[in-house]
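Asker: Following this message is one structure expressed as structure tokens.
Every number in this text was worked out from the coordinates using simple rules, so none of it is lab data. Note that the structure is predicted; figures quoted are calculated from it, not measured. As a convention, Cβ positions derive from the backbone with ideal geometry for all residues, glycine included, and neighbour counts pool all protein chains shown.
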Amino acid sequence: MTGLILKDLLNLKKQGKVYLILIIFYFAIGLVNENSSMFASMMTMVAVLIPITAMAYDERCKWDRYALTMPVSRKDMVMSKYLLGLIFLTAAFVISILLNMVFSNMPINEKILTALGNFFAGLTLMAVIFPLLFKFGVEKGRILMMIVIFIPVAAVMMISKIGIPMPAEEKLEQLIYFLPIIGVLLFIISIYFSLRIYRKKEF
């Protein structure tokens with residue numbers, strides 16, 4: 001499995017400059033506005049996009065068909081993408097904590113909660129998207145991914161427009177404490193479904 005992750009990292013070098021420019025751009029915006037949360041959210045999105053980009057490269061060169069002729073299990077093929085996402089999500093979490101410590105005036109517990117919120121939001125997003133990508137492929141999966149992201153955003157906008165009051169800040173803070181449980185459960189369920197999908201898939 002380590003070899004599969006290294007292979008993905010080597011392939012991703014082509015997109016590394018693009019991601020780096022995005023990170024620097026949002027870091028500069030956050031620095032100017034004295035708002036590190038925008039940068040932390042962007043880091044989370046980049047962490048989620050990285051394994052999706054790796055899947056796109058694999059799909060384009062029909063890597064799966066070739067890899068499965070070697071002593072590589074289907075389980076390893078699936079788990080390598082989840083681990084790749086976890087590696088970059090963890091890196092985004094650590095960087096967010098460090099930047100919040102330096103540039104944010106929030107209390108330390110709020111800094112940690114904000115970084116954890118981004119981490120588990122990314123974990124949840126991966127959990128929802130990955131089975132779709134394994135089932136339908138990256139091209140169709142990207143459309144479904146946009147729908148998955150759009151629905152909650154549209155729902156929040158619609159609720160605010162029709163006058164339904166948003167939950168109090170205290171309740172939102174309480175919800176953050178449940179995010180780790182929700183995120184981990186969804187991630188485990190996602191792995192289960194992705195493995196079932198991939199084991200039945202023909203290349």
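Asker: In nm, to one decimal, how far is the modelled label at K140 from the one at M70, with both set 7 Å along Cα→Cβ?
Answerer: About 2.8 nm separates the two model spin labels.
Asker: Here are some pairs, K140/K201; K75/K135; K62/K140; which of them have Cα atoms lying more than 20 Å apart in this structure?
Answerer: Numbers: K140/K201 16 Å; K75/K135 15 Å; K62/K140 16 Å.
The answer is none of them.
Asker: Kindly give the semi-axes, whole Å and largest first, of the ellipsoid equivalent to the range 10-146, taking each as the square root of 5 times a Cα gyration tensor eigenvalue.
Answerer: Values: eigenvalues 197, 45, 33 Å².
Here the semi-axes work out to 31, 15, 13 Å.
Asker: Give, in nm to one decimal, the length gained when the segment between T90 and I189 is fully stretched (0.36 nm per residue of separation minus the Cα-Cα distance). Walk me through the intermediate numbers first.
Answerer: On the way: separation 99, 0.36 × 99 = 35.64 nm, distance 1.99 nm.
Here the answer is 33.7 nm.
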